[in-house]
Amino acid sequence: MSEAQNLTPATKAVDHLLLGVPDLDRGISWVEQKTGVKAVVGGSHPGRGTRNALLSLGGRQYLEIIAPDPAQTTFGFQIDLRKLTEPRLVTWAAASTDLDGLATRATAAGQRIMGPRDGSRVTPAGATLKWRSLSVEHDLASADVDPIPFFIQWAADTTHPSATSPKGCELQSFAIQHPKPEALLALLKAVGIDATVTTAPAARLRATLRTPNGVVTLT
C-alpha cells in the first residue's frame with residue numbers, strides 16, 4: 001500500500017467527519033449558523049453514550065455532529081465530548097468497500113488493528129442502519145483529537161446517510177496538523193491514504209466546506 005498509485009487522497013477517502021460538541025442541540029444551532037444548513041437528528045449509539053445529527057457534504061460524504069447522549073448512563077466514546085468547550089473536529093471515518101482486504105493489508109504492513117466489528121443504529125424514522133468498522137491502534141491521538149480515521153463499510157441494504165441528510169454543503173478540502181507529521185503520514189500510507197499533513201503544536205483536523213453561507217472552515 002506504499003505505492004502512490006494505490007493511495008486515496010484524504011479528501012476523497014472521507015466517509016464522514018465527526019464534529020464533537022458537548023450538547024447536541026447547541027451543536028446543531030452552531031453548525032446552522034456557520035453553514036446555513038440545519039442538520040437532522042440521526043439517532044443514538046447504544047452502549048457508546050453518544051447521539052448525533054447529520055448533514056450531507058455531497059456525494060457519499062457527510063458531517064456527523066456527535067454529542068453525549070443524556071439518556072444513556074455510560075459513556076464510551078474515545079474522545080470525552082463532555083469536556084469540550086467548543087465544537088471541534090475530533091476524528092473522521094474513511095470509506096471502505098473491502099474491510100477484510102484492508103485488514104489483511106494493514107496487518108501485513110505491520111499495523112495492529114481492531115475489528116472488523118459490526119455496528120448499527122436506529123433512525124428516528126425507525127430504519128436500522130448497519131455497518132462494519134475497523135480501526136488501527138496508534139499513539140498519535142491527543143485528548144481531544146484522533147487524527148487517524150476508523151474505516152467504515154456500510155451494509156449493502158443500508159442507505160448511505162449522505163443520501164437522507166440535509167443538502168447544501170460540499171467538502172472541498174481536508175487536511176491534518178500534527179506535531180509528528182512524518183509518523184502520521186507513514187501510518188496513513190500504510191492503510192492506503194495520502195493526506196496533506198503540516199507540522200503544528202497540537203493535532204488538528206481542518207475541513208473546508210462550500211456552504212450556502214460561503215466557504216466555511218471547520219477545525
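Computed quantities for the displayed model
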item: Filter result for THR74 (more than 28 Å from ALA175 (Cβ to Cβ) and free of Cβ contacts under 8 Å to residues at least 60 places away in the same chain); result: yes
item: Enumeration of residues in segment 53-100 that are assigned to a loop (DSSP other than H, G, I, E, B), more than 20 Å from ASP146 (Cα to Cα) and not polar (S, T, N, Q); result: LEU57, GLY58, GLY59, ARG60, ASP69, PRO70, ALA71, ASP98
item: Residue match in segment 56-63 (condition: of a type in the set (S, T, N, Q), surrounded by 14 or more Cβ atoms within 10 Å (Cβ to Cβ), touching a Pro at 6+ places or on another chain (Cβ under 7 Å) and in contact (Cβ under 8 Å) with a residue 40 or more places away in the chain); result: yes
item: Residue that is assigned to a strand (DSSP E or B), surrounded by fewer than 13 Cβ atoms within 10 Å (Cβ to Cβ), among the acidic types (Asp, Glu) and out of contact with any Asp or Glu (no Cβ under 8 Å at 6 or more places or on another chain), where the choices are ASP139, ASP118; result: ASP118
item: Among the residues listed as GLY20, GLY42, the single one being of a type outside the set (Val, Ile, Thr), within 16 Å of the chain's Cα centre (by Cα) and modelled with pLDDT of 95 or more; result: GLY20
item: Filtered residues of segment 181-218 (kept if in contact (Cβ under 8 Å) with a residue 40 or more places away in the chain, in contact with a strand residue (DSSP E or B) (Cβ under 9 Å, 6 or more places away or on another chain) and either small (Gly, Ala, Ser) or loosely packed, with under 15 Cβ neighbours inside 10 Å (or both)); result: ALA190, GLY192, ALA195, ALA202, ALA203, ALA207, VAL215
item: Selection from segment 90-110 of residues that are surrounded by fewer than 18 Cβ atoms within 10 Å (Cβ to Cβ), among the polar types (S, T, N, Q) and in contact (Cβ under 8 Å) with a residue 24 or more places away in the chain; result: THR97
item: Among (1) touching a Pro at 6+ places or on another chain (Cβ under 8 Å); (2) without any contact (Cβ under 8 Å) to a residue 24 or more places away in the chain, the one test that THR50 misses; result: (2)
item: In segment 143-155, the residues that are modelled with pLDDT of 95 or more and loosely packed, with under 15 Cβ neighbours inside 10 Å; result: ALA155
item: Which numbered condition THR91 misses (of (1) of a type in the set (Ser, Thr, Tyr); (2) in contact with an Asp or Glu (Cβ under 6 Å, 6 or more places away or on another chain); (3) at pLDDT 95 or above; (4) over 23 Å from ALA202 (Cβ atoms)); result: (4)
item: Conditions (1) closer than 26 Å to THR35 by Cβ; (2) part of a loop (DSSP other than H, G, I, E, B); (3) of a type outside the set (Val, Ile, Thr): number failed by PHE174; result: (2)
item: Residue within segment 73-89 that is buried (at least 18 other Cβ atoms within 10 Å of the Cβ) and among the small types (Gly, Ala, Ser) present; result: no
item: Unique residue being in contact with a helix residue (DSSP H, G or I) (Cβ under 8 Å, 6 or more places away or on another chain) and under 29 Å from VAL122 (Cα atoms) when the list is LEU188, LEU209; result: LEU209
item: Residues within segment 12-32 that are outside any helix (DSSP H, G or I), crowded, with 22+ Cβ neighbours inside 10 Å and in contact with a Pro (Cβ under 9 Å, 6 or more places away or on another chain), tallied; result: 6
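The values are calculated or read from the model by the stated rules, or taken from the named source; none is laboratory data. In this text the structure is predicted, and so the values were computed from the model without any measurement. Neighbour counts are summed over all protein chains in view; Cβ atoms, including those assigned to glycine, are modelled from backbone coordinates with ideal geometry.
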